[in-house]
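Undergrad: Dropping the structure in here first, questions after.
All of the numbers you see were taken from the coordinates with simple rules; none came from a lab. This structure is a prediction, so every number in the text was calculated from the model and none was measured. Positions of Cβ are generated from backbone atoms using ideal geometry, with glycine treated the same way; all protein chains shown enter the neighbour counts.
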Amino acid sequence: MPFLSRILLALVFGVPAGLWAQVTIAYSVPVGATSNQFISNPLGLDFDVNRPVYVVSVGVFDSGQDGLAFSHVVRIYDRNTQASVVMETIPAGTAAALTDGSRFVALAVPFLLPAGFQGSIVAEINVTDGNGNTHGGAGVSLQNDGGGALTFVGGGRVSDNGPGVYPLRLDGGPANRYLAGTFAFTAVPEPSAVALLGFGLAIAGVGAGCRRRKLAAPQNQAAR
């Protein structure tokens with residue numbers, strides 16, 4: 001299938017094809033960051049979805065980027081229903097892909113978060129690997145909203161009930177208070193962008209057709 005046709009199909013059906021989609025890390029941890037807190041409470045950060053996004057991988061903070069002592073379960077929860085909608089385990093060691101200060105595991109199938117979704121990215125951490133905590137100061141991680149696809153909200157949250165339970169205790173902020181869980185996503189383009197690209201491809205198709213007819217004309221005359 002031609003390159004431009006694949007792009008158009010990806011946009012029309014909202015599929016995050018690598019041909020066009022830019023992958024964004026929601027909470028990007030700087031290289032060299034290290035833990036300053038060592039607890040076993042799952043930690044969460046809240047976000048709202050303004051435009052549909054596909055989650056392509058989830059990650060966890062790796063202090064010093066020298067490998068994880070234990071595996072970590074990372075989940076995305078629906079804040080309204082407190083249901084886990086995405087779950088992956090980041091393995092111990094250095095097997096998981098390292099990007100900046102976090103290790104990532106790709107989802108087998110990208111997961112769509114629709115516009116209006118209110119979520120939390122929650123990492124089940126441990127006292128050996130630890131986590132980062134601003135303790136109310138300025139956030140360390142860079143929050144990337146994918147061109148306005150996400151809004152980062154709240155002040156962090158903590159679970160006092162152990163792994164697998166949605167964390168209900170709210171912390172004091174900022175919205176990127178912890179170095180813990182993160183995720184990578186690709187935003188579905190705005191409808192106007194799809195329409196504009198479709199128009200451009202249509203014009204390109206007409207031009208290509210005209211060129212083919214011009215090239216074919218001398219051959220037809222020679223045959224006669």
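Undergrad: Which distance in nm do the two modelled labels at Leu107 and Ala69 give, with both placed 7 Å along the Cα-to-Cβ direction?
TA: Spacing of the two 7 Å Cα→Cβ label points: 3.1 nm.
Undergrad: With Cβ to Cβ distances under 13 Å as the rule, what net charge do the other residues near Val140 carry (K, R +1; D, E -1)?
TA: Charge balance near Val140 sits at 0.
Undergrad: Counting only other residues whose beta carbon sits under 15 Å from that of Ala123, what net charge do I get with K and R as +1, D and E as -1?
TA: -2
Undergrad: Take the alpha carbon gyration tensor of region 21-188, find the square roots of its eigenvalues, order them as a ≥ b ≥ c, and report rounded if a/c is under 1.5; if not, report prolate when a/b exceeds b/c, else oblate.
TA: Rounded, since a/c falls under 1.5.
Undergrad: To continue, here is another question. Excluding Arg177 itself, what net charge comes from residues whose Cβ is under 13 Å from its Cβ, given Lys and Arg +1 and Asp and Glu -1?
TA: 0
Undergrad: Can you give me the distance in nm between label points at Leu98 and Ala138, each placed 7 Å from the Cα along the Cα-to-Cβ direction?
TA: 2.6 nm
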